[in-house]
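S.K.: Got a structure here, written out as structure tokens. Questions coming.
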Amino acid sequence: MRKMLIWLPLALFLGFFGLFASGLLRPDDRIISSKLVGKPLPAFALPAAASDRPPLASSQLATGKPRLLNIFASWCVPCAAEAPQLLALKQAGVEIDAIAIRDARPDVDAFLQRYGNPYSRIGLDARSEVQIAMGSSGVPESFIIDGKGRIAYQHVGDIREDDVPMILDRLRKAQ
């Protein structure tokens, strides 16, 4: 029995090493799939986040036409980087609404003045409660909402130029 105990530390080390190595060698999955795709948006009614845009409620997103719902913040650098793509989507006829998280109206106004305003309505989610209820973990994130108010697609991260055709295609499919 004593001879077996001498080998126990080596066996434990090899076991931990094997577990660690398998985690490093396995390819990581960078695609985050939302469990809310296909489900209705959580009910919410948010106050206006910008001086020149109306507030946002979940009932306004079930109008029969697919829309893009963008979650952003004025302090978010990638949000500024995706602004030209959102303007391009608006020019392509996409209805875009937004939720500004952990922000203040003057900061949102300044952000929109600087980078452009593609949004029809902007709600202020001061405590990120709606963001969390939607399964969003950061900014920016965008959701395609079908005409019945259900989440059809979740795009994690900023929308880049090469994402625009895919977003337009998914919006067409969400009708």
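S.K.: Kindly list the residues of the stretch 114-157 that lie in the label zone of Ala45, defined by a backbone N under 17 Å from the point 7 Å along the Cα-to-C-beta vector.
M.R.: Within reach of a label on Ala45, which here means backbone N under 17 Å from a point 7 Å along Cα→Cβ, the stretch 114-157 contributes 122-126, 130.
S.K.: If you don't mind, there's one more thing I want to ask. Using a 1.4 angstrom probe on heavy atoms only, work out the carbon and sulfur share of the accessible area of the chain in %.
M.R.: Carbon plus sulfur share of accessible area: 60 percent.
S.K.: Please return the longest stretch of the chain lacking exposed loop sites, where trypsin sites (Lys or Arg not before Pro) count only if DSSP places them in a loop and at most 14 other Cβ atoms lie within 10 Å.
M.R.: The segment 36-126 is the longest one with no such site.
S.K.: Report, in degrees rounded to the nearest 10, the 0 to 90 angle that the Cα long axis of helix 77-91 makes with the longest principal axis of the chain.
M.R.: Result, in degrees: 50.
S.K.: How much space per residue, in cubic angstrom, does the convex hull of the C-alpha atoms of the stretch 98-161 take up?
M.R.: 104 Å³
S.K.: Return the lysines within reach of Lys173: Cα separation strictly under 23 angstrom, same-chain partners fewer than 8 residues apart disregarded; answer none if there are no such residues.
M.R.: Straight-distance partners of Lys173: Lys35, Lys39, Lys65, Lys90, Lys148.
S.K.: Please determine, in degrees from 0 to 90 and to the nearest 10, the orientation of helix 105-115 with respect to the longest principal axis defined by the Cα atoms of the chain, where the helix direction is its Cα long axis.
M.R.: The helix 105-115 is inclined about 90 degrees to the chain.
S.K.: If each of Asp162 and Ala57 carries a label point 7 Å out from its Cα toward its Cβ, how far apart are those two points in nm?
M.R.: 4.2 nm
S.K.: Would you report the distance distribution of C-alpha pairs in the chain as whole percents per 10 angstrom bin, up to the bin with the largest distance?
M.R.: Histogramming the chain at 10 Å steps yields 9, 35, 28, 8, 8, 7, 4, 1 percent.
S.K.: Can you tell me the accessible area per residue over the stretch 68-111, all protein chains present, probe 1.4 angstrom, in square angstrom?
M.R.: 38 Å²
S.K.: Could you list which residues have their amide H under 5 Å from that of Ile159, counting only those 5 or more apart in sequence or on another chain, with H placed in the peptide plane?
M.R.: Result for Ile159 returns nothing.
The values are calculated or read from the model by the stated rules, or taken from the named source; none is laboratory data. All values reported here derive from a predicted model rather than from experimental measurement. Note: ideal-geometry Cβ built from the backbone for every residue, glycine included; neighbour counts use all protein chains shown. Accessible surface is based on the protein model in full, side chains and every heavy atom, while ligands, DNA and RNA are left aside. Shrake-Rupley method; radii C 1.70, N 1.55, O 1.52, S 1.80 Å.
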